[in-house]
Amino acid sequence: MNYTRLAKLVLRSALNSPVRTTKPLPVFRHSYRLIKTSTARMSSESSSSVEDSTDAVNQGPIDRREFKAETRQLLDIVAKSLYSEKEVFIRELISNASDALEKLRHHQVNGVTIDDFSKSPLEIRITTDSQTGTITIQDFGTGMSKEDMVENLGTIARSGTKAFLSEIEDEKSSSSNSLIGQFGVGFYSTFMVADKVKVNSRSFETGSQGYTWSSDGSGLYEISEASHETRGTKIVVQLKADELRFADRDTVEGIVKKYSNFVGFPIFLNGEQINTIQPLWTQDPKAITTKQHEEFYQFISNAFDKPRYTLHFVADAPLSIRSLFYVPEQLPEMYGVRVLEPGVSLYSRRVLIQSKARDILPEWLRFVRGVIDSEDIPLNLSRELLQQSALIQKLRSVLSSKLIRFLADEAKRDRKKYEKFFAECGIFLREGIVSASDDAEREEIAKLFRFESSFERPGVTTSLSEYVSRMKPGQKNIYYLCLPTRELAETSPYYEPLLAQGHEVLFSYDQFDDTVLAQLRSFNEKPVLSAESYLSKSEEEGEVKDGSLPSDEADSLVKWLTRTLGYHRVKEVKVSRRLSSHPTMLTVSDMVSARRFLRAIRPEERGKILQPTLEVNPSHTIIKRLATLKDEDTKLAVLVAEQLYDNALIAAGLMDDPRRMLGRLDSLVESVVREQEK
Ligand code: ADP
Ligand code: MG
């Protein structure tokens, strides 16, 4: 398994530094400067005429107008490439075409008279012409009247965009930065690639006149009457010399498939329909077959396996959400191949906003593949930008808690299947706990964990909730022990006292659970404690066992051990009645950190820094013998004492280099062999 990432997170959390998830977008600061200079430059610019070269024949006088001030600002940002991905202009134009077609269909359903309804099909036609360096997008939707053109293409009437502009003036908001690149600025994005844009349009109202709007995106635009006969809109983009790739058919096909594959109207490119995949998430969940899910999953995630889990989640309030999530059967990260990219893409009304979106789900859920479509997410900046990041936050919290609840339900529905999931994908959930933003979220994720338990047979797993439901009255804590195998756990000195007290102990064999569960801190208001840290804090004692060392002898042994082991090894030695089969046990106040940072501390300083307490079991044969041996054969007694101490270190996971004790072990073995000779 690829644990490097989790290890980093775990280490960071151990060091208590906050986990950063968002990166500022450098391009944004750049665009801020552009705005400042552009306003000054714009006002001094003289008017330049816009030439005409498309097929619609212009008639009558040319109406030459200036863009409204904010529009000019926006155009200037756009022209100077706010986006690294200029190709989004195609997405924007297709979306507008699709919107216009949808509006038309809406009118038609509501009995509004529509010119030429049956004549012009509800479709979008794209043509590329590398000879003339143009790309043309045509639809047979509502079209625009002259007033519509002035209103919609010459002005930014919407307050959201103004808010956006003043926002960058202030250069305050950093939270919305990363969103800007994800949302287009609609129609104006065309000027990123165009020398000139020409819009021929005729409204759907009977007897309407066609118009041509054109602009080079500097300060002016022109409108004139045109003999544009068909209903709808045709936009001819005359590409800049260095953007001619957008006149290449194959390039455009790739872009359309990337962003607009699921648009609800047929899209033709140079006469051939190119969007063929059904947007499965918009369909009735009950009507979708497993086979369809399989195909769709494979299509969107470029995979060949099958989804392990499928969640089709639809909501209308508080947000409109159509989403489809898949948990893959195979994840490359499981095999340590690579860290997965997020796998969920964000759509707004079937148009791609962001592929493999980073902010839409928490990072630990990156093993989920799928799509999220929300009408509430604006495709461009024309809505309330200031609310956008809050909106994404909201969406993210709704979706992640939905996914967590879904997995919890799946665990109930099919336990075996879920256990396999947890065994294979548990690493992500562990990361979820470490990187969670608050305790409530941490606890929700913790519900998804499964452990073996001292109350269950090997192989049977249990959840924290099940543990809590079995807690005895008066039991305050949830106990766990994190060791590589069950055998080690069951023979651990730290397990013994809890077993004697009749407490259930969860066993985890994952190397990170130590830290992950320490991060969790509590579940259901019950402290979650490792057996080790519980024992270092608790004073609970067991019964005095028959045949124990008398207390005066025990006291004298304790004094001798304290002296013999010395302050560089132990802070304190004490008699403990909670041990039965183990001679000694070592406790330190924070075992997790002690293990983690052990190698960073020089051996001779460990006693001083870790301050361990060595508990000795007065009923154990070795201890009882040691009480007399210390006076009969001090040399051997010292060897035994030191070895007992090292054994306790091993049990505590605090022995980093066992080679150091080899010499002593040889001496001990030697004395055993000698003893046999006698
Ligand atoms: P938005 O789509 O968010 O409204 P745009 O900048 O993409 O913003 O488009 C501005 C407006 O121009 C649209 O709201 C619409 O009224 C009009 N418009 C753009 N393209 C078309 C089209 N193909 N058909 C009809 N109207 C259009
Ligand atoms: Mg638009």
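Just so you know, all these numbers are worked out from the coordinates, no wet-lab data involved. Just so you know, these numbers come straight off a predicted model, no measurement behind them. So basically every Cβ, Gly included, is an ideal-geometry build from the backbone, and we count neighbours across all protein chains shown.
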(request) Lys and Arg at +1, Asp and Glu at -1: add these up for the other residues within a Cβ distance under 13 Å of Val371 and post the number. (result) +4
(message) Could you tell me the center-to-center distance, by alpha carbons, between the range 538-597 and the range 510-528 in angstrom?
(response) 26 Å
(request) Distance between Cα centroids, the range 653-678 to the range 337-369: provide it in whole Å. (result) 57 Å
(request) Please order Lys68, Lys240, Lys119 by the number of other Cβ within 10 Å, starting at the fewest. (result) Lys119, Lys68, Lys240
(request) Could you list Trp281, Trp560 in order of exposure, starting from the residue whose Cβ has the fewest other Cβ atoms within 10 Å? (result) Trp560, Trp281
(message) Please state the shape class of the range 443-500: rounded when a/c is under 1.5, otherwise prolate if a/b exceeds b/c and oblate if not, all from the C-alpha gyration tensor.
(response) oblate
(request) Please state the charge dipole magnitude for the range 541-678, taken about the Cα centre, from unit charges on C-beta atoms (+1 on K and R, -1 on D and E), reported in debye and rounded to the nearest 20. (result) 500 debye
(request) Order by neighbour count: Arg602, Arg91, Arg405, fewest other Cβ atoms within 10 Å first, most last. (result) Arg602, Arg405, Arg91
(message) Could you compute the net charge surrounding Glu670? Neighbours are other residues with a C-beta less than 13 Å from the C-beta of Glu670; K and R count +1, D and E count -1.
(response) 0
(message) Let me check against my output: what whole-number percent is the relative contact order of the range 439-495, with C-alpha pairs under 8 Å and at least 6 apart?
(response) 20 percent
(request) Report the charge-dipole magnitude of the range 234-322 in Debye, nearest 20, computed about the Cα centre from +1 at each Lys and Arg Cβ and -1 at each Asp and Glu Cβ. (result) 160 debye
(message) Is the C-alpha gyration tensor of the range 527-656 telling us rounded, prolate or oblate? Criteria: a/c under 1.5 is rounded; beyond that, a/b larger than b/c is prolate, otherwise oblate.
(response) oblate
(message) Below 8 Å, C-alpha to C-alpha, sequence gap of six or more: please give me the relative contact order for the range 179-309 in percent.
(response) 15 percent
(message) Is the C-alpha gyration tensor of the range 376-498 telling us rounded, prolate or oblate? Criteria: a/c under 1.5 is rounded; beyond that, a/b larger than b/c is prolate, otherwise oblate.
(response) prolate
